[in-house]
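Worksheet: one structure, shown below.
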Amino acid sequence: MTRRPIGIIVNGVTGRMGYRQHLVRSLLAIREQGGVALPDGTRIWPELVLVGRNEDKLREIAQRHGLTDWTTDLSAALAREDVEIYFDAQVTQQREKAIRQAIEAGKHIYTEKPLAEETEAALDLARVADAAGVRTGVVQDKLFLPGLRKLKRLIDGGFFGRILSVRGEFGYWVFEGDWQPAQRPSWNYRSEDGGGIVVDMFPHWHYVLEELFGPVQAVSTVIATHVPERVDEAGRAYPATADDAAYGIFELAGGVIAQLNSSWCVRVNRDELVEFQVDGTEGSAVAGLRNCKIQHRAVTPKPVWNPDLPVTENFRAQWTDVPDNEEFDNGFKVQWEAYLRHVVAGEPFRWDFLAGARGVQLAELGLLSAREGRRVEIPELSR
Ligand SMILES: NC(=O)c1ccc[n+]([C@@H]2O[C@H](COP(=O)([O-])OP(=O)(O)OC[C@H]3O[C@@H](n4cnc5c(N)ncnc54)[C@H](O)[C@@H]3O)[C@@H](O)[C@H]2O)c1
């Protein structure tokens, strides 16, 4: 067995996503399974260089996982010849600058979403990366969730007939930080620090809608900052300047209407933290992160509206679970494996910077729609 080592900078490894999903659940898990296998039997072997701002935290993470390569000097890490990939899971605002530096250093780049804060900047990154001939990728983890994979399977198998609409509910209560600490970093609630639920979630909705149901052609959004003051990690009260809820309608090519609510100010009365109900002429489905249940037209009950009578049926019990039929691995890891095969073996990988820029565009135009109180069409983005 030939091992093909590949040096990867992991920047932002002390953060929530950088540590848990990318370092532990993806890159270290790939090493634990013996690397990523190529058709010729070669195994791609990630060699990690942890990068961050805080020496103590980096040292502690490195020691915890038996790693030895870490630095607070990004430029020095980028200058290394044995490093081929730059990965970014920093706060969104720091991303563009670091990625530009990595492109200049000739590294391939994989990054968390959103690619940048503005469409123009994201598109420019795509162009500059193309010109430099480096291979790019943006995290689109939701596509690899078991629930959405089952939904895709239903679509591909023609279960729905003609799809009419998609209703999505995403969210949970994020504590304000006063009497219980918040479970998300405070920068998420400050627009001046790159926060806001539209910037956070619309890039996800873009690729989910496009890959499952069709390209997004227009967006109408209402946003709110329902909780105007929060308390940060240091216990200081701060004004929440960013949107913490977004109510969006997305019109898709082919006529499907998607209506997605995203909120950090909602208490969960669902089976999962995100759920999409898809209604089609032949059947309907409700998909979450892991599960997916269906109801076919042949078994659809016939409710009659009569508020004078108590509910006669248990509607939730009338749905059938879609079986797994395969093993689902962690979505972040599956996408990492695909990206590594893309870099090393040239396998196709469609979730590149242009795809990332289109996600940023949907967020930007969603915010424009909210600001101006109108429906906004989404122009095609090209290199
Ligand atoms: N794919 C997903 O499902 C998903 C989910 C959550 C967040 N994200 C994205 O991941 C990125 C990181 O989010 P997170 O929730 O892990 O955030 P976090 O606050 O937990 O981590 C941020 C990281 O950036 C570093 N950083 C660098 N410069 C900084 C600065 N000036 N101020 C603060 N931190 C700085 C921090 O040290 C830390 O390592 C964001 O871009 C976010 O949009 C993606």
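The values are calculated or read from the model by the stated rules, or taken from the named source; none is laboratory data. No experiment lies behind these values; they were computed from the predicted model shown. Don't worry about glycine lacking a Cβ; one is built from the backbone with ideal geometry, like all the others, and counts go over all protein chains shown. With ligands, DNA and RNA removed, areas are computed over all heavy atoms of the protein, side chains included. Shrake-Rupley method; radii C 1.70, N 1.55, O 1.52, S 1.80 Å.
Looking only at the stretch 79-91, count how many residues are assigned to a strand (DSSP E or B), more than 16 Å from the ligand (Cβ to nearest atom) and of a type outside the set (Val, Ile, Thr).
Here is the first cut: in the stretch 79-91, the ones assigned to a strand (DSSP E or B) are 83-88.
This time we only want the ones that are more than 16 Å from the ligand (Cβ to nearest atom), so: 83-85.
Add one more test, that the residue is of a type outside the set (Val, Ile, Thr), and what stays is 84.
Total meeting the criteria: 1.
Mind checking which helices (runs of 4 or more DSSP H) fall wholly inside the stretch 92-178 and carry at least 3 residues that are buried (at least 19 other Cβ atoms within 10 Å of the Cβ) and either away from the ligand (no atom under 15 Å from the Cβ) or modelled with pLDDT under 95 (or both)?
The helices (runs of 4 or more DSSP H) meeting that bar are 119-132, 146-156.
Return the residues of the stretch 170-190 that are free of Cβ contacts under 8 Å to residues at least 12 places away in the same chain and in contact with a helix residue (DSSP H, G or I) (Cβ under 7 Å, 6 or more places away or on another chain); say none if nothing qualifies.
None - no residue of the stretch 170-190 is free of Cβ contacts under 8 Å to residues at least 12 places away in the same chain and in contact with a helix residue (DSSP H, G or I) (Cβ under 7 Å, 6 or more places away or on another chain), so the list stays empty.
Thr68 fails exactly one of the following numbered conditions: (1) within 16 Å of the ligand (Cβ to nearest atom); (2) without any contact (Cβ under 8 Å) to a residue 24 or more places away in the chain. What is the number of that condition?
Unmet condition: (1).
Can you name every residue in the stretch 214-229 that is part of a loop (DSSP other than H, G, I, E, B) and in contact with a Gly (Cβ under 8 Å, 6 or more places away or on another chain)?
Once the filter is applied, which keeps residues that are part of a loop (DSSP other than H, G, I, E, B) and in contact with a Gly (Cβ under 8 Å, 6 or more places away or on another chain), the stretch 214-229 yields only Gly214.
Given the condition in a strand (DSSP E or B), over 20 Å from the mean Cα position of the chain (by Cα) and of a type in the set (Lys, Arg), answer yes or no: does some residue in the stretch 286-300 qualify? I'd like the intermediate steps shown before the answer.
Residues of the stretch 286-300 that are in a strand (DSSP E or B), as a first pass: 286-287, 292-296.
If we keep only those that are over 20 Å from the mean Cα position of the chain (by Cα) too, we end up with 293-296.
Add one more test, that the residue is of a type in the set (Lys, Arg), and what stays is 293.
The answer is yes, given that some residue of the stretch 286-300 is in a strand (DSSP E or B), over 20 Å from the mean Cα position of the chain (by Cα) and of a type in the set (Lys, Arg).
Within the stretch 287-317, track down each residue that is of a type outside the set (A, V, I, L, M, F, W, C) and within 24 Å of Val166 (Cβ to Cβ).
Hits for the stretch 287-317 are Gly288, Arg290, Asn291, Lys293, Gln295, His296, Arg297, Thr300, Pro301, Lys302, Pro303, Arg316.
Got a number for residues in the stretch 1-48 being of a type in the set (Asp, Glu) and either within 13 Å of the ligand (Cβ to nearest atom) or in a helix (DSSP H, G or I) (or both)?
1
Does Asp193 count as over 30 Å from Arg267 (Cβ atoms) and either without any contact (Cβ under 8 Å) to a residue 60 or more places away in the chain or open to solvent by 20 Å² or more (accessible area, probe 1.4 Å) (or both)?
no
Of all residues in the stretch 126-139, which are touching a Gly at 6+ places or on another chain (Cβ under 8 Å) and either without any contact (Cβ under 8 Å) to a residue 60 or more places away in the chain or farther than 16 Å from Ile8 by Cα (or both)?
Ala126, Ala132, Val134
Out of Asp193, Asp232, report the one residue that is more than 28 Å from Glu380 (Cα to Cα), touching a Gly at 6+ places or on another chain (Cβ under 7 Å) and either within 12 Å of the ligand (Cβ to nearest atom) or modelled with pLDDT under 95 (or both).
Testing whether each residue is more than 28 Å from Glu380 (Cα to Cα), touching a Gly at 6+ places or on another chain (Cβ under 7 Å) and either within 12 Å of the ligand (Cβ to nearest atom) or modelled with pLDDT under 95 (or both) leaves just Asp232.
Kindly indicate whether any position in the stretch 60-80 is crowded, with 16+ Cβ neighbours inside 10 Å, among the aromatic types (Phe, Trp, Tyr) and closer than 30 Å to Ser186 by Cβ.
Yes, the stretch 60-80 contains a residue that is crowded, with 16+ Cβ neighbours inside 10 Å, among the aromatic types (Phe, Trp, Tyr) and closer than 30 Å to Ser186 by Cβ.
So in the stretch 316-336, with the set limited to residues that are in a helix (DSSP H, G or I) and either farther than 26 Å from Glu32 by Cβ or more than 16 Å from the ligand (Cβ to nearest atom) (or both), which one is least open to solvent (accessible area, probe 1.4 Å)?
Step one: filter the stretch 316-336 for residues in a helix (DSSP H, G or I), giving 316-318, 331-336.
Next, only the ones that are either farther than 26 Å from Glu32 by Cβ or more than 16 Å from the ligand (Cβ to nearest atom) (or both) stay: 316-318.
On the way: Arg316: 156, Ala317: 71, Gln318: 52 Å².
Ranking the qualifying residues of the stretch 316-336, first place goes to Gln318.
Looking only at the stretch 271-282, decide whether some residue is away from the ligand (no atom under 16 Å from the Cβ), at pLDDT 95 or above and of a type in the set (S, T, N, Q).
yes
How many of the residues in the stretch 339-381 are surrounded by fewer than 18 Cβ atoms within 10 Å (Cβ to Cβ) and either touching a residue at least 24 places away in the same chain (Cβ under 8 Å) or touching a strand residue (DSSP E or B) at 6+ places or on another chain (Cβ under 7 Å) (or both)?
Residues in the stretch 339-381 being surrounded by fewer than 18 Cβ atoms within 10 Å (Cβ to Cβ) and either touching a residue at least 24 places away in the same chain (Cβ under 8 Å) or touching a strand residue (DSSP E or B) at 6+ places or on another chain (Cβ under 7 Å) (or both): 6 in total.
Report whether or not Glu211 is surrounded by 14 or more Cβ atoms within 10 Å (Cβ to Cβ), in a strand (DSSP E or B) and at pLDDT 95 or above.
When the stated conditions are applied, Glu211 does not pass them.
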